[in-house]
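Q: Could you have a look at this structure, given as structure tokens, before my questions?
The values are calculated or read from the model by the stated rules, or taken from the named source; none is laboratory data. This one's a predicted model, so the numbers in the text were calculated from it and none came from an experiment. With ligands, DNA and RNA removed, areas are computed over all heavy atoms of the protein, side chains included. Shrake-Rupley method; radii C 1.70, N 1.55, O 1.52, S 1.80 Å.
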Amino acid sequence: MTRRVTAPLAILLLAMLIVFDHATSDLNPYKAPPIFALGSGVEASGGFCGAMPR
């Protein structure tokens, strides 16, 4: 495959992923976690294997 085939295909797949994500997600900026929460006291959700237990 050449770049003429691969590049548009990759862009199309990324665009389809973005459209799918926006169509299936609940977008509410008031419930979203802060982008940078340095020192805010907000804890991360989910699992992280390197996190120390309390």
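Q: Stretch residue 21-residue 5 to full length: gain in nm at 0.36 nm per residue minus the Cα-Cα span?
A: Numbers: separation 16, 0.36 × 16 = 5.76 nm, distance 2.45 nm.
Full-extension gain reported as 3.3 nm.
Q: Might you work out the accessible area of residue 20 for me, using a 1.4 Å probe with all protein chains in place, and round it to the nearest 10 Å²?
A: The value for residue 20 is about 130 Å².
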